[in-house]
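J.: Sending over a structure as structure tokens; questions will come in a sec.
All of the numbers you see were taken from the coordinates with simple rules; none came from a lab. None of these values were measured; they are calculated from a predicted model. Every residue, glycine among them, receives a Cβ derived from its backbone with ideal geometry; neighbour counts consider all protein chains shown.
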């Protein structure tokens, strides 16, 4: 929320990692690292809409008659989290912001941040090389045969209002690129979005979003990942199941799991999702797979064994109390008892000179 207001802005800027470590990626011919497959499910907790260009209709994206979440959408969401949690470069940087040179996009395929090593990058200029990344994410297909959708009018144009004090990095108080933008969950928005004023209705986007409770299945394939990269991948997929946070001067206490945000209209409360890891398979070492005619044994984790493996792999991140992780938990905690009201300031608020330098309240 802006200072001295009761409502909460839907987003906050959270601090980035101070250190970005760059190194060469592990490529296929090196026969190093771990490879495998992660089977996942996704359930939407608030209305969910995945669409293409708004000029091409209002329905949820489908393939062969089934609702589908493109693997590219999932990959973008997970990559953004990996950049925050793992310390990654700014692949998509705001040109209006003068970024610290430490955070500029990787431009050398032999010297990459953790996110570029995992998810891929392309050099710039002539003779540019491409690192395709060590992670591949398939499309998520919906289980339900008869999806339940509801029509919404969503107004997104006001969300782009750029008020410089709202975009200051919390640790420096400046617009300097040392922060990332995240959206709060809005548990009260399980079946609604903010009303569109009559005078702005002509600018609204009419969509049909899935109601909460739909389920999707997808797979994540990985190859030649270092141990720290596997740990990061499993963390950004599974997140944390129990956190307790206190927000701002109001001392608002929230408790619950961390959940993802995906798709369109996130500022309006849409797109809160729960991703579950259902199965983890580590393929046998490459030398065992390719140097023998015998079928090598893979390592499979399910049930209690999977819970224990995930717990061990995520322990370092769960115990991380850095400013980045503390702020991330405050943004991504899903507490069904969260009664805050979320909205953007209206036009007249920005036109009031008294508000011209007001920043958002710290969380």
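J.: Hey, residue 199 hits all of (1) at positive phi; (2) out of contact with any helix residue (DSSP H, G or I) (no Cβ under 8 Å at 6 or more places or on another chain); (3) not in a loop (DSSP other than H, G, I, E, B) but one; which does it fall short on?
T.: (1)
J.: Then there's this: In this structure, does residue 306 turn out to be in contact (Cβ under 8 Å) with a residue 12 or more places away in the chain, part of a helix (DSSP H, G or I) and touching a strand residue (DSSP E or B) at 6+ places or on another chain (Cβ under 7 Å)?
T.: Yes; evaluated as a whole, the condition is true for this residue.
J.: Could you check segment 342-363 and list, in sequence order, the residues that are exposed (fewer than 15 other Cβ atoms within 10 Å of the Cβ) and under 22 Å from the mean Cα position of the chain (by Cα)?
T.: 362
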